[in-house]
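Below: the structure, in structure tokens.
The values are calculated or read from the model by the stated rules, or taken from the named source; none is laboratory data. Owing to the predicted nature of the structure, the values given are computational and were not obtained by experimental measurement. Positions of Cβ are generated from backbone atoms using ideal geometry, with glycine treated the same way; all protein chains shown enter the neighbour counts. Quick note on the areas: whole protein, heavy atoms, side chains included, nothing else; ligands and nucleic acids left out. Shrake-Rupley method; radii C 1.70, N 1.55, O 1.52, S 1.80 Å.
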Amino acid sequence: MRSLLLAKKNIILQGAPGVGKTYSAKRLAYSIIGEEDRTKVEFIQFHQNYSYEDFVMGYKPKEDGGFELRRGVFYNFCRKAQSDPDKKYFFIIDEINRGNMSKIFGELLMLIENDYRGEKHKIRLAYNDEYFSVPENLYIIGMMNTADRSLAMIDYALRRRFSFFDMTPGFDSVGFKKYQENLDCEVFNKVIDAVKALNIEIAKDDSLGKGFCIGHSYFCNRESIDNMWLENVIEYDIAPMLREYWFDNDKKFKEETDKLLSLIK
């Protein structure tokens, strides 16, 4: 991830909920900075109503009436990075595929490309005729949910400007295995084995695929495990997802949910 981001300047971490996209995005930024310096990291989330006026620049109503031109979060962060050219800055966008890319980026869709960074490629902004460029020391990290069927595929113009990194569940990682050992809970281990088997089922389902696998973060950050907590995770976090996955197959949904619940009841 580090080499991809440093080379391309733009990366999107894509995967199902619970695979650690947000955690990894922040860790990626801090690992390159060399310390947890939050002044060099900006975090936002896109949504359907997010616009160029929020992101770059636009007219906003004033408290005493009328409108004023206000600079957006990306504009301000670019200026901040430009004022400190010897340091690296990171702009993190959650749910990047939930926004309308051309509506949000506008003419900056060209400027975020690695080959068009810096002062020599500056262009005139739409609102105030100001010349603007995206600095070379600014890196963009996007996050994309691959399990939400309501979201369209990401804009092709943006796709070629980013490297895409697939994130998968980390149940077999060294860190998670050590976490399991420290918990030393037989029921927890059985549930994790069952979830791993369930992920194999999900991955080979033609209507789903590996982008719908259940992530490890649903089971993380516990110092101890009890059956009630495990039951709640399965009943209220995982089961609703499975209901969406197999909305047209009640038998499959019930079968897979009952397999998990039977381990703790």
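For the full complex of protein chains and a 1.4 angstrom probe, list GLU119, GLU235, GLU223 by accessible area with the highest value first.
On the way: GLU119 110, GLU235 70, GLU223 185 Å².
So the residues, ranked largest to smallest area, are GLU223, GLU119, GLU235.
Please compute the Cα-Cα pair-distance distribution of region 78-155 with 5 Å bins starting at 0, giving whole percents from short to long.
Cα pair-distance distribution for region 78-155, in percent: 3, 14, 21, 23, 18, 12, 6, 3, 0.
Nearest 500 deg cm²/dmol is fine: what mean residue ellipticity at 222 nm does the chain get from its DSSP H runs of n ≥ 4 alone, each adding -39,500 (n - 2.57), divided by its residue count?
That calculation yields -10500 deg cm²/dmol at 222 nm.
Full-extension gain between LYS254 and ARG70, please, as 0.36 nm times their residue separation minus the C-alpha to C-alpha distance.
Additional length available on full extension: 61.0 nm.
In degrees, nearest 10, range 0 to 90: what is the angle between the Cα axis of helix 250-261 and the longest Cα principal axis of the chain?
80
Report the label-to-label distance for GLU186 and TYR59 in nanometres (one decimal), using points 7 Å from each Cα along the Cα→Cβ vector.
Result: 7.1 nm between the two label points.
Roughly what angle does helix 186-204 make with the longest principal axis of the chain, taking Cα atoms, 0 to 90 degrees, to the nearest 10?
Approximately 60 degrees, to the nearest ten.
Given a 1.4 Å probe and the protein chains all in place, what does the accessible area of TRP229 round to, in Å² to the nearest 10?
Approximately 50 Å² of TRP229 is accessible to the 1.4 Å probe.
In square nanometres, what is the average projected area of the Cα convex hull of region 185-248? Spell out each step's value before the answer.
Numbers: hull surface 17.5 nm².
So the mean shadow area of the Cα hull is 4.4 nm².
With contacts defined as alpha carbon pairs under 8 Å and 6 or more residues apart, what's the relative contact order of region 1-143 in percent?
It rounds to 32 percent for region 1-143.
What are the principal axis extents of the Cα atoms in the chain, in Å, biggest first?
66, 41, 40
Just need the Rg to Rh number for region 1-109, please, alpha carbons only, Kirkwood Rh.
So for region 1-109, dividing Rg by the Kirkwood Rh gives 1.00.
Suppose a student asked you for the relative contact order of the chain, using Cα pairs under 8 Å spaced at least 6 residues apart; what percent would you report? Show your work: numbers first, answer last.
Numbers: 387 pairs, mean separation 64.9, N = 265.
Dividing the mean separation by the residue count of the chain yields 24 percent.
Remind me, relative contact order of region 148-259 in percent, using alpha carbon pairs under 8 angstrom and six or more residues apart?
This gives 22 percent for region 148-259.
So how exposed is TYR245, as accessible area in Å² (1.4 Å probe, rounded to 10)?
Surface accessible to solvent at TYR245 totals approximately 10 Å².
Assign one of three labels to region 104-219, namely rounded, prolate or oblate, based on the Cα gyration tensor with a ≥ b ≥ c the square roots of its eigenvalues; rounded applies when a/c is under 1.5, prolate when it is not and a/b is larger than b/c, and oblate otherwise.
prolate
Treat every Asp and Glu Cβ in region 95-140 as -1 and every Lys and Arg Cβ as +1, leave all other atoms uncharged, and give the resulting dipole magnitude about the Cα centre to the nearest 20 debye.
Using only the charged Cβ atoms, the result is roughly 100 debye.
Mind pulling the angle between the C-alpha long axis of helix 21-33 and the longest principal axis of the chain? Nearest 10 degrees, somewhere in 0 to 90.
50
Quick check: net charge around ASP115, other residues with Cβ under 12 Å of its Cβ, Lys/Arg +1 and Asp/Glu -1?
+4
Can you tell me the length gained on complete extension of the stretch ALA203 to ASN232, counting 0.36 nm per residue apart and subtracting the Cα distance?
Values: separation 29, 0.36 × 29 = 10.44 nm, distance 2.42 nm.
Extending this stretch completely gives an extra 8.0 nm.
How big is the dipole moment of the chain about its Cα centre under a simple scheme where the beta carbon of each Lys and Arg is +1, that of each Asp and Glu is -1, and everything else is neutral? Debye, nearest 20, please. Don't jump to the answer; show the numbers that get you there.
Details: 39 positive and 42 negative charges, 174 e Å.
The dipole magnitude comes to about 840 debye.
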